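Undergrad: Below is a structure I'd like to ask you about.
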Amino acid sequence: MSRFDFEAWRLLAQRSPSAYFQARERAIERLINSHPPAQAARLRDFQAHIDSVRVLAGSPIKATRELMGMMEDRLEAMGGRIRALQHSSQAMEDIKDHLVELHSDQRNFDGDQ
């Protein structure tokens, strides 16, 4: 991935807002298209949501606050999913250990007879 040149984007936005938004749209579309179709569809929906938040917020600072809140919500949800996966993983590990123990006990029992 190439480095983001903030200064170039800032100058473009200052010089020609319409050119900036066109370039922004192309850059976003290129990034989205670099993903598999199922992911690209989700990313397009996500970008549409971001764009609507930006429009409805009324100011850049309000949009930033809204988007930060949205990101925080998503991170919390992902954290919850990770904790659930860790719990499930531990439960499966416990079951595996129990099955190994049962198998070992069965082999010992069969050897005693």
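The values are calculated or read from the model by the stated rules, or taken from the named source; none is laboratory data. No experiment lies behind these values; they were computed from the predicted model shown. Quick reminder, even Gly has a Cβ in these numbers, built from the backbone with ideal geometry, and neighbours come from all protein chains shown.
Undergrad: Take the conditions of a type in the set (Val, Ile, Thr) and surrounded by 10 or more Cβ atoms within 10 Å (Cβ to Cβ) and apply them to Ile61. Does it pass?
TA: Numbers: of a type in the set (Val, Ile, Thr): yes; surrounded by 10 or more Cβ atoms within 10 Å (Cβ to Cβ): no.
Judged against the criteria, Ile61 is not a match.
Undergrad: In contact with a His (Cβ under 8 Å, 6 or more places away or on another chain) and not aromatic (Phe, Trp, Tyr): does that describe Leu43? Step through it out loud before you land on a result.
TA: Working: in contact with a His (Cβ under 8 Å, 6 or more places away or on another chain): yes; not aromatic (Phe, Trp, Tyr): yes.
Spelling it out, Leu43 is indeed in contact with a His (Cβ under 8 Å, 6 or more places away or on another chain) and not aromatic (Phe, Trp, Tyr).
Undergrad: Something else: Considering segment 56-70 alone, what residues qualify as being part of a helix (DSSP H, G or I) and at pLDDT below 95? Break it down into steps so the answer makes sense when it comes.
TA: Kept after step one, since they are part of a helix (DSSP H, G or I), are these residues of segment 56-70: 56-57, 60-70.
Listed by number, the residues that qualify are Pro60, Met70.
Undergrad: Applying the selection to segment 31-58, what residues are among the hydrophobic types (A, V, I, L, M, F, W, C), under 16 Å from the mean Cα position of the chain (by Cα) and loosely packed, with under 13 Cβ neighbours inside 10 Å? Reasoning before the result, please.
TA: Taking segment 31-58 and keeping what is among the hydrophobic types (A, V, I, L, M, F, W, C), we get 31-32, 38, 40-41, 43, 46, 48, 50, 53, 55-57.
Imposing the further condition that a residue be under 16 Å from the mean Cα position of the chain (by Cα) reduces the set to 31-32, 38, 40-41, 43, 46, 48, 50.
The answer is Ala38, Ala41, Ala48.
Undergrad: Within segment 1-30, take every residue that is of a type in the set (S, T, N, Q) and not in a loop (DSSP other than H, G, I, E, B) and give me the one that is surrounded by the fewest Cβ atoms within 10 Å (Cβ to Cβ).
TA: To start, the set of residues in segment 1-30 that are of a type in the set (S, T, N, Q) comprises 2, 14, 16, 18, 22.
Still in the list and also not in a loop (DSSP other than H, G, I, E, B): 14, 18, 22.
Working: Gln14: 9, Ser18: 7, Gln22: 12.
Result: Ser18.
Undergrad: Among the residues of segment 74-88, is there at least one that is in a helix (DSSP H, G or I) and within 30 Å of Trp9 (Cα to Cα)?
TA: Step one: filter segment 74-88 for residues in a helix (DSSP H, G or I), giving 74-88.
Retained after the next criterion (residues that are within 30 Å of Trp9 (Cα to Cα)): 74-75.
Scanning segment 74-88 turns up at least one residue that is in a helix (DSSP H, G or I) and within 30 Å of Trp9 (Cα to Cα).
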